[in-house]
Each structure stands twice: as C-alpha cells, then as structure tokens.
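The values are calculated or read from the model by the stated rules, or taken from the named source; none is laboratory data. The shown structure was predicted, so the numbers you read here are calculated from the model rather than taken from an experiment. Cβ coordinates were reconstructed from backbone atoms using ideal geometry, including for glycine residues, and neighbour counts include every protein chain displayed.
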Amino acid sequence: MGLFEVHGFPGKGESIDVGAAHAASRAEGKARSVESQLGRLRDSLAKAMMINEALWEMIRDQHGLTEKDLYQKLYEIDMRDGVLDGKNQRKPAPCPNCGRMVSARHTTCLYCGQTMDTSVFTVD
C-alpha cells in the first residue's frame, strides 16, 4: 500500500476527478446554507403565528367576535382571487395607465412603470 492510499486517496490505477470533488464540496456548502435559512424561516414563521394569535385574541376579547367571525373573514379574503385554496394571489391584470396586461408576479408595469399592487400584504 502506498502512502497516498491511506486516508482515502486513490492508489495505483485510480484517479481523482478534481472537478467533481469541487462541485460536491460546493453542493454540501450550499445545502448547509439552505438548511440554515430554512431554520431561520421556521423561527420567523413561528413568531409571526404567535403574534397573529395574540392579535386575534385581543381583537376577539375587545370586540366580542367569535371563531365563526374569523373563519368567515378568512373565507372572504381567500375567495378574492376566485379560488378557495388558502391563498390570495393577484391575477394578471391590465395596467390602469397603459392598458397592457401585467403578470401577477410583477408589482409594476414593465411597459410604463405604473405600480400595480400597493398592498402591504403582498408576498413576493
């Protein structure tokens, strides 16, 4: 056994694909970064849910609302886009300034720059 065969280095007749090893190393680093971002997103979501729960309970207690009232409002908001799917997504719409159709994923008209959605509740 040669010196480089110890510790997983290739022996005689074997070779290292340096490009593949580098790509694998980059992929592992990217996976760790994504896992870290996912953890932060989960923490942020848990905090946002707790804040929403606190706000709902304050509003419910101060105004005498019920869970039924909350569900009715959720249904109303969900159906604003015409689909009962737990989302309220903007659909493609004509620009109020130039009349060209603007995709729902764009917040401004690509042709004239008109702002299409000024809602603070829009998720990009």
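Residue count for region 66-124 satisfying the condition of being out of contact with any Cys (no Cβ under 7 Å at 6 or more places or on another chain) and part of a loop (DSSP other than H, G, I, E, B): 29.
Determine whether residue 19 is part of a helix (DSSP H, G or I) and exposed (fewer than 10 other Cβ atoms within 10 Å of the Cβ).
Values: part of a helix (DSSP H, G or I): yes; exposed (fewer than 10 other Cβ atoms within 10 Å of the Cβ): yes.
When the stated conditions are applied, residue 19 passes them.
Scanning region 101-121 for residues that are in contact with a Lys or Arg (Cβ under 7 Å, 6 or more places away or on another chain) and at pLDDT below 85, we see that the one that is farthest from residue 89 (Cα to Cα) is 117.
Looking at 43, 85, which one is within 23 Å of residue 117 (Cβ to Cβ) and either surrounded by 10 or more Cβ atoms within 10 Å (Cβ to Cβ) or modelled with pLDDT of 95 or more (or both)?
None of the others qualify; the one that does is 85.
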